[in-house]
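Here the structure is laid out as structure tokens; the discussion comes afterwards.
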């Protein structure tokens, strides 16, 4: 069986991989749609901080169960999405139910082979059935929405809170959508690209500004927002996100940083009792929440899927996603 691997910076190659079979507690999924994530773009250009090439990417995917192993609860024909994690299940964090903090955590498509292929075997525990109303495109968007759901959980978002989102890419727009669905009273978005800013406004942002006008968010809320989410991955956008929160506010860092530097004035945190926290992936309840938000029409996932291309045109998809063109989410169809 063939899979598409990133073997070097901006270099894709087809590789032969073993035909997958369902072992104990596993299912085999025929991949229908798989998204190109922002972290995949870091992989493609050879600058992901946590992954070494070569690797078969692909962790945002939906498909059909075509084989089940002993102990699996799903059945052949189920339409599913996958929480793309591999954990040891025995470490300190796994025993506490904090599996996204596993000491030996791997993500499919990063530290383990992903879904840029026709079929993939995964643990049944990480598989979720899709409602009949949900398309494969929407299913492949569950993973990035779950990241946004988890980021807002880390932020401690409560109904009526005000939110600032720095970055209008896929994750930033899903944070906006999830915050709106959760009852945020005000959502301000910082995004320099005009068409992305327009998309944020269409998705319900109360105020969308370029970075040089970001302090309008503070003025609009009088003291700053209750929480902010950084969804870019740069030191300056992280500092900007912190500056937009009120005293006692919390900033969640969700971006992937190619350069491991973060310049923050610690006295800004001390004098204003501000908090800065990280967020990684998802944990218990985040995938079901994301599925429900899409299925009930509270988040318009299809609005963010710009193009669906055959897997054979993956390089074109990467180029589109890296371009300044009007593309938010590119998905591939093996």
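What follows draws every value from the coordinates through simple rules; no lab data is involved. What you are looking at is a predicted structure, and each value in this text was computed from that prediction instead of being measured. Here the Cβ is made from the backbone with ideal geometry for all residues, glycine too, and neighbour counts use every protein chain on show.
How big is D for the chain, in µm² s⁻¹ as a whole number, if Stokes-Einstein is applied with the Kirkwood radius of its Cα pairs at 4 °C and 1.567 mPa s? Intermediate values should be presented prior to the final figure.
On the way: Rh = 20.2 Å.
So the translational diffusion coefficient is about 64 µm²/s.
Extending each Cα 7 Å along its Cβ direction at residue 193 and residue 267, get the distance between those two points in nm, one decimal.
Here the modelled spin labels are 3.8 nm apart.
To the nearest 10 degrees, how steeply does helix 286-295 sit against the main Cα axis of the chain, on a 0 to 90 scale?
Value to nearest ten degrees: 90.
Modelling each spin label as a point 7 Å along the Cα-to-Cβ direction, I'd like the residue 247/residue 2 distance in nm, to one decimal.
6.3 nm
With a ≥ b ≥ c taken as the square roots of the eigenvalues of the C-alpha gyration tensor of segment 1-152, please select rounded if a/c is under 1.5 and otherwise prolate if a/b is larger than b/c or oblate if it is not? Before the final figure, lay out each step's value.
Numbers: a/c = 1.36, a/b = 1.15, b/c = 1.18.
Since a/c stays below 1.5, the shape of segment 1-152 is classed as rounded.
Scaled to the compact-protein estimate 2.2 N^0.38 Å, what is the alpha-carbon radius of gyration of segment 96-205, rounded to two decimal places?
On the way: Rg = 16.4 Å, N = 110, 2.2 N^0.38 = 13.1 Å.
Compared with the compact-globule rule of thumb, segment 96-205 sits at 1.25.
Report the residues of segment 298-334 in range of a label on residue 53: point 7 Å along Cα→C-beta, backbone N strictly under 18 Å from it.
Residues 313-323 fall inside that zone.
How long is the gain from residue 302 to residue 111 if the chain were fully straight, where each residue apart is worth 0.36 nm and the alpha carbon distance is subtracted? Don't jump to the answer; show the numbers that get you there.
Values: separation 191, 0.36 × 191 = 68.76 nm, distance 2.83 nm.
Contour length minus the Cα-Cα distance gives 65.9 nm.
With label points built 7 Å along Cα→Cβ from the Cα atoms of residue 104 and residue 219, find their separation and express it in nm.
5.6 nm
Computed on alpha carbon atoms, what radius of gyration and Dmax characterise segment 145-278, expressed in Å?
In Å, with Rg to one decimal and Dmax whole: 13.0, 37.
With a ≥ b ≥ c the root eigenvalues of the C-alpha gyration tensor of segment 290-334, is it rounded (a/c under 1.5), prolate (a/b larger than b/c) or oblate?
On the way: a/c = 3.90, a/b = 1.84, b/c = 2.12.
Oblate, since a/c reaches 1.5 and b/c is not below a/b.
To the nearest 0.05, how large is the calculated FRET efficiency for residue 259 and residue 202 if R₀ is 35 Å and r is the Cβ-Cβ distance? Could the numbers behind the result be given before it?
Working: r = 32 Å, r/R0 = 0.92.
Efficiency, from the Cβ-Cβ distance: 0.60.
Mind checking the angle between helix 142-155 and the chain's longest principal axis? C-alpha axes, 0 to 90 degrees, to the nearest 10.
The answer is roughly 40 degrees.
Can you give the angle from 0 to 90° between the axis of helix 170-181 and the longest principal axis of the chain, with both taken from C-alpha atoms, to the nearest 10?
Its long axis makes an angle of about 70 degrees.
Given a Förster distance of 35 angstrom, what is the FRET efficiency for residue 159 paired with residue 90, based on the Cβ-Cβ distance and rounded to 0.05?
Computed FRET efficiency for residue 159 and residue 90 comes out at 0.40.
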